[in-house]
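First, the structure itself, so that you have it in front of you.
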Amino acid sequence: MTATVGQNAPTTHADLLAWVEEVAALTKPDAIRWCDGSDAEWKEFTDHLVDRGIATRLNEEAKPNSFYFRSDPSDVARVEDQTFICSETEAGAGPTNNWAAPAEMKQTMSELYDGCMKGRTMFVVPFCMGPIDADDPKFGVELTDSEYVVISMKIMTRMGADALKAMGDDKPFVKCIHSVGYPLADGQDDVAWPCNDTKYISHFPETREIWSYGSGYGGNALLGKKCYALRIASAMAHDEGWLAEHMLILELTSPEGKKYVVCAAFPSACGKTNLAMLEPTIPGWTVKTLGDDIAWMRFGEDGRLYAVNPENGFFGVAPGTGYHTNPNAMRTIEAGNSIFTNVALTPYGDVWWEEMTDFEPDSLTDWHGKPWTPEAEVKAAHPNSRFTTPISQCPILSDDFNNPKGVPVDAILFGGRRASTVPLVAQSRDWNHGTFMGATCSSETTAAATGAVGVVRRDPMAMLPFIGYNANDYLQHWVNIGENAEADKLPKIFFVNWFRKSQEGKFLWPGFGENSRVLEWIVRRLEGDAEAIDTPAGAIPAEGSLNVEGLSLDPAKLAEATKFDAEEWKKELPLIEEWFEKLGNVPDAIKAELDKLKQNLA
Ligand code: SAT
Ligand code: MN
């Protein structure tokens, strides 16, 4: 084993070699394979997966070079109960994360890892989050026993030989260990989706390590994504003075040809991927996308914040994605080279999911592998079924996607799904008020999740499950970023709510492409040429300042969608207070914003 690691390894990085050897000694794989991320390797792995019946090759005409997987029905989403921040102290993980002492968690997981890769190959997957030619590239290496993970990492990150080469002999990297937890005895047949009932997704923020066990799915297993690019990176960002955020990045060009960059954070089920790839309905405006999920924002030499998308692909929720909601996502997928998980399969060898088309196909194979017809009482695709697709295929990808310096951010949006209270758009007075908007970010639960519908949940900066340290320290970090920067160079912060409803329970605002009108108002505000009314909740569009030309919307509805209602906000106060009590140690600067809100409402 030692010889395999040392002599055939395509690197002389001593720390990496020693760690691979150590993990192999513990997990005891049959073989070790260093992955180079090449197309030949993709072909070899996907052929092998198809030959063993683990993946289905989709029809080449419909989805070239694309593959379909069905997970174990129990392994379909992130497992937040089993996700841990193992900081040195419990306070380090804060009131919003599960905590375990690092040594104890390592003991527990080492027992699970002992021999867990028997009968399998351990793949060594070097990757870089963000452009490899960045000033300070952020490397990682994932050791995994899942080929599904390897091919997914090829789509989602800059993975393979180039990343390994750039790591040189001694560049630091995040050590990511992943096992599905399903060793194979001699001669034992594999299953289509190996996993284990016992699952742990553990993060060690101080030592920049991630240990994952028992799941093959998405954010539990593709460790570059939420685990690294948000939880570990948020801890790095805290130490290094930047921001790692759960935000899309889009570039908006006005009819005058001026470019603006907007980053936006939304809790799940608010249409974040759709906004990232929006097709504006207003003439002369264009949107290009840089990312749909994660933004790393660092200060440039000019004192402005520059955003980079650390990822290299989209891992999007399939149901609800169609030509009517997100044509650019559809075009990205159609180019092929993609992976589909837990969607439905058509007799033609293509994929389908709810709301992809405005009709339901006559017959499908559902995500359980069972025959399905429109009469069926179950959904054909799992609500959290996914497409994994290269961002380079997105027809509206920004030219700056690979720019190692990133793009200067003009505006930050926080959003949520609220039937009442929160206006369509409001601009914060300043950075701390904007941070308060982010800290109190809330959304109503939808039928997509289990539990009661319509319950308001707080989700600070849409980061609740992704803050890799104490949430109060995270909010303080946002305040510090504002204190250490020149106010006029910082992005302006806005709050948006596409989901306000009338008394009759109907959406007041049409949403989707029409949200470009709100983006227009936002950039007009940046230019100082859109009129607003100051309210305790921020500056909202003055009558006539939101461009509704060509939109057939009842003016009374528009007024209701955009209005500030003091009575509604008075009811919001105790909810915010309750949330701050839960957090326990909210920064003074943010508490001061709550006091201001109270005074202004009185
Ligand atoms: O599974 S992921 O964490 O990658 C996606 C999500 O749940 O937001
Ligand atoms: Mn996300």
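Over the chain, what is the percentage of antiparallel beta bridges among all DSSP beta bridges, to the nearest 5? Mind dumping the intermediate values first?
On the way: 61 of 94 bridges.
Of those bridges, close to 65 percent are antiparallel.
Sticking with this one: Determine ³J(HN,Hα), in whole Hz, for all residues of segment 413-419 in sequence, where each value follows from phi through the Karplus function 6.51 cos²θ - 1.76 cosθ + 1.60 and θ = phi - 60°; x replaces Gly and Pro.
10, 10, x, x, 9, 10, 6
Another question, then. So for 358, 399, 292, 302, what's the accessible-area order with a 1.4 Å probe, most first?
These residues rank, largest area first, as 358, 399, 302, 292.
Work out from phi, with θ = phi - 60° and the Karplus expression 6.51 cos²θ - 1.76 cosθ + 1.60, the ³J(HN,Hα) of each residue of segment 402-410, listed in order in whole Hz, and give x for Gly and Pro.
Taking θ as phi minus 60°, the curve returns 8, 5, x, 7, x, 10, x, 8, 8 Hz for segment 402-410.
Right, another one. Share of segment 165-310's accessible area from carbon and sulfur, percent, 1.4 Å?
It is 49 percent, rounded to a whole number.
For segment 195-298, what is one quarter of the convex hull surface built on the Cα atoms, given in nm²?
If I average the Cα hull's projected area over directions, I get 8.2 nm².
Then there is this: Hey, rough spin-label estimate for residue 559 and residue 107, points 7 angstrom out along Cα→Cβ, what's it come to in nanometres?
6.8
Here is a follow-up. Residues with beta-carbon under 9 Å from that of residue 262, excluding residue 262: net charge, scoring Lys, Arg +1 and Asp, Glu -1?
-2
Please identify which residues in segment 535-550 have an amide N closer than 17 Å to a label point set 7 Å out from the Cα of residue 573, following the Cα→Cβ vector.
Answer for segment 535-550: 535-538.
If each Cα of the chain is one equal point scatterer, what is log10 of I(q)/I(0) from the Debye formula at q = 0.09 Å⁻¹?
Values returned for q = 0.09 Å⁻¹ are -0.70.
Given charges of +1 on the Cβ of Lys and Arg and -1 on the Cβ of Asp and Glu, with all other atoms neutral, how large is the dipole of segment 230-271 about its Cα centre, in debye to the nearest 20?
Charge dipole, segment 230-271, about its Cα centre: 120 debye, nearest 20.
So, counting K/R as plus one and D/E as minus one, what does the shell of residues with Cβ under 15 Å around residue 65 add up to?
It works out to a net charge of -4.
Protein chains only, probe 1.4 Å: how do 75, 565 rank by accessible area, largest first? Before the final figure, lay out each step's value.
Values: 75 0, 565 40 Å².
Ranked list, largest accessible area first: 565, 75.
Can you run phi through the Karplus equation (6.51, -1.76, 1.60; θ = phi - 60°) for segment 473-480 and list ³J(HN,Hα) in whole Hz, with x for Gly and Pro?
In residue order, the calculated couplings are 5, 4, 5, 4, 4, 4, 4, 4 Hz.
For the Cα atoms of the chain, what angle does the longest principal axis make with the long axis of helix 39-51, in degrees from 0 to 90, nearest 10?
70
Another question, then. List the lysines whose Cα sits under 26 Å from the Cα of residue 171, skipping any in the same chain fewer than 8 residues away.
106, 138, 154, 225, 226, 405
With r as the distance between the Cβ atoms of residue 543 and residue 189 and R0 = 60 Å, compute the FRET efficiency 1/(1 + (r/R0)^6) and round to 0.05.
0.30
Which FRET efficiency value, to the nearest 0.05, is calculated for residue 370 and residue 302 with the Förster distance at 60 angstrom and r the Cβ-Cβ distance?
0.55
Roughly how many Å² is the accessible area per residue of the chain, as a whole number, for a 1.4 Å probe?
39
Let me ask something additional. Of the accessible area of segment 358-438, with the probe set at 1.4 angstrom, what percent is carbon plus sulfur?
Values: 1600 of 3270 Å².
Answer for segment 358-438 is 49 percent, counting heavy atoms of protein chains only.
On C-alpha positions alone, give me the angle between the axis of helix 102-113 and the longest principal axis of the chain, in degrees, nearest 10.
50
As I understand it, the dipole of segment 427-512 uses +1 on the Cβ of Lys and Arg and -1 on the Cβ of Asp and Glu, about the Cα centre. Which of 437, 474, 499 lies farthest toward its positive end?
Result: 499.
Ok, one more. FRET efficiency for residue 504 and residue 533, Cβ-Cβ distance as r, R0 = 25 Å, nearest 0.05?
Once rounded, the FRET efficiency stands at 0.45.
Another question about this same structure. At 0.36 nm per residue, and after removing the present C-alpha to C-alpha distance, how many nm does the segment from residue 602 to residue 135 gain when stretched out fully?
163.1 nm
Report, in debye and to the nearest 20, how large the dipole of segment 377-468 comes out about its Cα centre when Lys and Arg carry +1 and Asp and Glu carry -1 on their Cβ.
Charge dipole of segment 377-468: 260 debye, to the nearest 20.
Please list, ordered by chain and number, the residues whose modelled amide H lies under 5 Å from the amide H of residue 179; skip anything fewer than 5 residues away on the same chain.
For residue 179, whose amide H was placed from the backbone, the distant partners under 5 Å are 212, 213, 214.
Using Stokes-Einstein with the Kirkwood hydrodynamic radius over Cα pairs, what translational diffusion coefficient do you get for segment 1-110 at 20 °C and a viscosity of 1.002 mPa s, in µm²/s rounded to a whole number?
Reported coefficient: 118 µm²/s.
The values are calculated or read from the model by the stated rules, or taken from the named source; none is laboratory data. Please read these numbers as outputs of a predicted model, since none were measured by experiment. Glycine gets a Cβ as well: all are built from the backbone with ideal geometry, and neighbour counts include every protein chain shown. Note: accessible area is taken over every heavy atom of the protein model, side chains too, but ligands, DNA and RNA are not part of it. Shrake-Rupley method; radii C 1.70, N 1.55, O 1.52, S 1.80 Å.
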